[in-house]
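Quick notes on the structure that follows.
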Amino acid sequence: MEKDKEFSKFLGKKLRLIRMSMGLSQEELGHRSGLHRTYIGQIERAEKNITVRNLYRIANTLELDIRELFDFSDIYKENKTKKKR
């Protein structure tokens, strides 16, 4: 169960990093993808388990290959740096 939550946290962090790097608010990403802004926030905070269909909609909106949302290498590095402190 803990691994599931960890995966959701990484996915949420990745989505937030990408969204912010594109200069989009949660509201704007929600509007463009046809999802509610609070749902976007819940995904980013790992409060909701996103469906593959909605993940595809978000990736498509961000003009990403869906696989890019699963590349957590930058987040792993960030977590390792924090743990060393």
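The values are calculated or read from the model by the stated rules, or taken from the named source; none is laboratory data. Keep in mind the model is a prediction, meaning the values are calculated, not measured. Using ideal geometry, Cβ is built from the backbone for each residue, glycine included, and neighbour counts are taken over all protein chains shown.
For the range 25-39, taking the residues that are of a type outside the set (Ser, Thr, Tyr) and in contact (Cβ under 8 Å) with a residue 24 or more places away in the chain, the one that is nearest to residue 6 (Cα to Cα) is identified as 29.
If you go through the range 16-46 and pick out every residue that is in a helix (DSSP H, G or I), aliphatic (A, V, I, L, M) and surrounded by fewer than 16 Cβ atoms within 10 Å (Cβ to Cβ), you end up with 2. Contact map, the range 63-75: residues that are under 14 Å from residue 21 (Cα atoms) and touching a residue at least 24 places away in the same chain (Cβ under 8 Å) paired with residues that are of a type in the set (Lys, Arg) and not in a loop (DSSP other than H, G, I, E, B), Cβ distance under 7 Å, separation 6+ or inter-chain. Pairs shown: 69/14. Quick check on my filter: what residues within the range 52-76 are within 18 Å of residue 7 (Cβ to Cβ) and polar (S, T, N, Q)? Correct list: 54, 73.
Report, by residue number, each residue of the range 64-78 that is among the aromatic types (Phe, Trp, Tyr) and within 12 Å of the chain's Cα centre (by Cα). If the condition is that a residue be among the aromatic types (Phe, Trp, Tyr) and within 12 Å of the chain's Cα centre (by Cα), then 70, 72 are the ones that fit. Here residue 49 fulfils each of the conditions (1) closer than 24 Å to residue 4 by Cβ; (2) at pLDDT 95 or above; (3) not in a helix (DSSP H, G or I); (4) not basic (Lys, Arg) apart from (2).
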